[in-house]
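Take a look at the structure set out below.
Values in this text are rule-based calculations from the coordinates and carry no lab data. Not measured: the values here are computed from a predicted model. Positions of Cβ are generated from backbone atoms using ideal geometry, with glycine treated the same way; all protein chains shown enter the neighbour counts.
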Amino acid sequence: MTFPPDDPGPARPPVWSHFLTPLAILLGAAAIVVAIVVTDDGSEPSPPLAPALDSISASAESLSDSAESLAAAAESVSEAADRAGSAAQQGAPAQGGAEQQATLRDALDGYAESLGLDVASFGQCFQSAAAEEAVVDQLQRGVALGVNGTPTFFINDKYISGAQPAWVFAEVIAAELSGSPSSIDEYSEDLQGLARRDPPGFAIVAQRPDIAGAAIEGSPDARVMIVEFSDFQCPFCRRWYDDTLPQLRGLIGDDVALAFVHFPLTQIHPNAPAAHVAAHCAGEQGKFWEMHDLLFEQQDVWSRLPNRN
């Protein structure tokens, strides 16, 4: 995924390539990471982190294979884009509808314009290494916590796996506001059942996530902080956005807040890194949540676009 710079010069490497190196480094440190495996019927499938030294070699080999697969997929997308361009020149409609944007970058620029952003400043931010690094930094924090699927949530020190229904969040939030239980036994039988799953869908953890630099809806000093590790291209994240977030937003304010942490699953969602960088850049102009909502609402459009110049 490369985008043309403002000034002539050598093309920058694809955005997704910046996300592979930190993952490889973190796999090498997997022996000292306490992994929370995140796979249930509401989670995006992805392989768990290896918890022991004897599995690091296999993990590194798997990462290498994934990188090669992603490169092949990118090449395939580029070829498909070229075919679409040729069809357009001959007057044939592009697959997906005549009104669909030609490329991912076209769509993201269009979203920025529709939100009233300074498009030139947005473009400069989008091309900057700093924007990519901000997303990668948050991705690394998630990996260090053992997050390996989306969506994953932490409500203070309570962990929730997957796109769980609103009642799960409502119960945990209410418990946090009334004293923050220290035992699973203090929750309802339904929530205890979620905790007994293998792997667990609910747990009490030792540390809260670091949300420095994360976009926050509500008060940054709220007593209850919902931390969402999410991927804009993830269908389960979209389902949570559609079904659960509207009900929770009525609670967000001084006492309850929502922090969004970037966690693009680059191996299976090649358009996700660019979307996360776009959201970060919208946030630089005070429109993160507007871009957040638009990216989820338009997921079926931009996620299918060719990612090329």
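Observations
- Charge tally in the Cβ shell below 15 Å around Ser180, where Lys, Arg are +1 and Asp, Glu are -1, Ser180 excluded: -3
- Computed over the stretch 97-159, the quotient of the alpha carbon radius of gyration and 2.2 N^0.38 Å is 1.54.
- Overall, the ratio between the Cα radius of gyration of the stretch 199-279 and 2.2 N^0.38 Å, rounded to two decimals, is 1.17.
- Between Val227 and Phe154, Ile155, Asn156, Ala259, the built amide H atoms are under 5 Å apart, and every one of these is 5 or more places off in sequence or on another chain.
- Contour excess over end-to-end distance, with Cα ends at Arg196 and Asp137 and 0.36 nm allotted per residue: 18.1 nm
- Amide H to amide H, with H built 1.01 Å from N, Ala215 comes under 5 Å of Phe260, counting only residues 5 or more places away or on other chains.
- Local net charge near Asn156, Cβ-Cβ under 9 Å (Lys/Arg +1, Asp/Glu -1): +1
- Taking every Cα-Cα distance in the stretch 136-290 and sorting them into 10 Å bins starting at zero, the pair-distance distribution P(r) comes out as 11, 42, 37, 9, 1 percent.
- Near His292, once Lys and Arg are set to +1 and Asp and Glu to -1 for all other residues with Cβ below 11 Å from its Cβ, the sum equals -4.
- Order of Trp167, Trp289 - criterion: other Cβ atoms within 10 Å of each residue's Cβ, fewest first: Trp167, Trp289
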